[in-house]
Amino acid sequence: MIQPIPLTVDLNARVVALGDRLFHDKRLSADDSLACAGCHGLDKGGTDQAKSSTGVGGKVGPIAAPTVYNSSYNHVQFWDGRAADLVEQADGPVNNAIEMASNWEQAIGKIKDDPCYAPAFADLYTDGMTERNIRHAIATFEQSLITPNSPFDKYLMGDANAVSERQRLGYRTYIAVGCGSCHMGVAAGGLQFEKMGKKADYFKARGGPIIKEDHGRFNFTGKDADRHFFKVPILRNIEVTFPYFHDGSAENLSDAIDKMAVHQLGARLPKPQIADIEAFLLSLTGEYKGVPLTQIKATP
Ligand code: HEC
Ligand code: HEC
């Protein structure tokens, strides 16, 4: 079952504003070329809408960027769950050689005297601007990235006409065939690890070499039982977070739904059922600060 996203979340607005600025600050990268927002554009569903991400110096990464919208609903962060929470997660990209290729000492050196930052850090944190406090501010901003008010949320809150007949039918099908056993909760996912290819070998069907990232949670735990397990991604705003899967191999939603049925449920769904589920998933597109995610403009 899916629960509605609350309309507001109680956070310190000044910390959110500080984190917002940091999230959009390219100086956190080695050559001042790439902010967090460069790969998690708020106008692009919180992703880069690419098969895999491109970091500093044009280095192409091995895995697709998940959305930052509603990421606070994930029980852990990253596809393989290697970060316990958003504060820990924010350490990753800054130090990652194929993402921002920097380090905290360098980043703090560049922003510590910026009048946009110094007073805010001094006011909000007893120990001022530190690596930990930067990560805390970014994580607090990310907690503010919730997307309530999707047609499906309005429906859940009692507005029977907020979704179409087909979308209602699609949700019933989604639950009946078993999608909801993995993609559930407020964000329609993010709560558990599951094997990609639970019922039928996904990697064999996909073809191509199996790279390190395809091993998923195994890379973090070293346990054979965790091979090809991934954090179940959230399906909120799935309309704008294409392409799909950790390897970006599904270009469109109907392809992703078809593959999920085959590999996760061991079933081939007829085309009309896939279309119904797709219609339902499109009702999960919400709003950020009152603007539907399909209409958010890029911030410079
Ligand atoms: C070069 C592109 C790039 C940049 C820059 C980048 N990210 Fe990411 N981000 C990714 C990719 C790719 C992943 C998935 C990596 C993985 O799971 O192994 C990711 C994962 C995440 C996640 C986990 C979401 C989830 O569902 O597990 C969060 C949160 C996040 N990034 C926030 C940030 C923040 C904050 C910054 C800036 C400090 C940032 N990212 C900078 C590409 C990027
Ligand atoms: C056994 C658990 C499980 C079931 C059942 C399941 N999924 Fe998934 N789903 C996953 C996992 C794990 C992934 C991530 C796989 C990957 O990236 O390699 C995923 C990924 C997806 C994605 C891509 C999300 C993204 O951001 O890339 C969509 C869309 C999706 N599932 C929809 C569905 C639908 C619709 C159904 C029912 C037909 C379904 N899933 C059934 C576990 C499941």
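Can you tell me the dipole magnitude for segment 41-93 around its Cα centre, using point charges on the Cβ only (Lys, Arg +1; Asp, Glu -1), in Debye to the nearest 20?
240 debye
Helix 13-23 and the long axis of the chain differ in direction by around 90°, with both axes built from C-alpha atoms. Pull out a ≥ b ≥ c, the square roots of the eigenvalues of the alpha-carbon gyration tensor of segment 154-211, then state rounded if a/c is under 1.5, prolate if not and a/b is larger than b/c, and oblate in the remaining case. Prolate shape, in that a/c is at least 1.5 and a/b is the bigger ratio. Rounded to the nearest 10 degrees, the inclination of helix 271-281 to the longest alpha-carbon principal axis of the chain is 30 degrees.
Calculate the dipole size of segment 1-133 relative to its Cα centre from +1 charges on Lys and Arg beta carbons and -1 charges on Asp and Glu beta carbons; express the result in debye to the nearest 20. Present the calculation step by step, with values, prior to reporting the outcome.
Numbers: 11 positive and 18 negative charges, 64 e Å.
Value, rounded to 20: 300 debye.
Helix 131-143 and the long axis of the chain differ in direction by around 40°, with both axes built from C-alpha atoms. Aspartates and glutamates near LYS271 by alpha-carbon distance under 15 Å, same-chain residues fewer than 8 away left out - which ones? Straight-line reach from LYS271, under 15 Å: ASP255, ASP258. Residue pairs exceeding 25 angstrom between C-alpha atoms, taken from LYS110/LYS297; LYS26/LYS51; LYS44/LYS199; LYS51/LYS204: LYS110/LYS297; LYS44/LYS199.
Each principal axis of the Cα cloud of segment 1-147 was evaluated for its coordinate range; sorted largest first, these ranges are 46, 38, 27 Å. Does segment 151-295 classify as rounded, prolate or oblate by the C-alpha gyration tensor (a ≥ b ≥ c root eigenvalues; a/c under 1.5 gives rounded; else a/b over b/c gives prolate, otherwise oblate)? The shape class here is prolate.
Selection among VAL291, SER181, SER164 by position relative to the dipole of segment 151-295 gives SER181 as farthest towards the positive end (Cβ unit charges, Cα centre).
Largest GNM mean-square fluctuation among LYS198, LYS51, LYS259, using the chain with Cα springs under 10 Å: LYS198.
Just round it to a whole percent: the fraction of Cα-Cα distances in the chain exceeding 34 Å. Result: 22 percent of Cα pairs exceed 34 Å.
Semi-axes of the equivalent ellipsoid of segment 101-188: what are they in whole Å, largest first, if each equals the square root of 5 times a C-alpha gyration tensor eigenvalue?
On the way: eigenvalues 405, 49, 21 Å².
Values for segment 101-188, descending: 45, 16, 10 Å.
The alpha-carbon of LYS289 sits under 17 angstrom from the alpha-carbons of these aspartates and glutamates, leaving out residues fewer than 8 places away in its chain: ASP10, ASP20, ASP43, GLU142, ASP153. For the chain, the Cβ-based charge dipole about the Cα centre amounts to some 820 debye (Lys, Arg positive; Asp, Glu negative; other atoms uncharged). When shorter helices are ignored and each DSSP H run of at least 4 residues is given -39500 (n - 2.57), the per-residue value for the chain at 222 nm works out to -8500 deg cm²/dmol. Out of the total accessible area of segment 151-295 (probe 1.4 Å, heavy atoms of protein only), what percent is carbon and sulfur? Answer for segment 151-295: carbon and sulfur cover 55 percent of the accessible area.
The values are calculated or read from the model by the stated rules, or taken from the named source; none is laboratory data. From a predicted model like this one, the values you see are computed outputs, not experimental measurements. Using ideal geometry, Cβ is built from the backbone for each residue, glycine included, and neighbour counts are taken over all protein chains shown. Remember, those area values only see protein heavy atoms, side chains included, never the ligands or the DNA or RNA. Shrake-Rupley method; radii C 1.70, N 1.55, O 1.52, S 1.80 Å.
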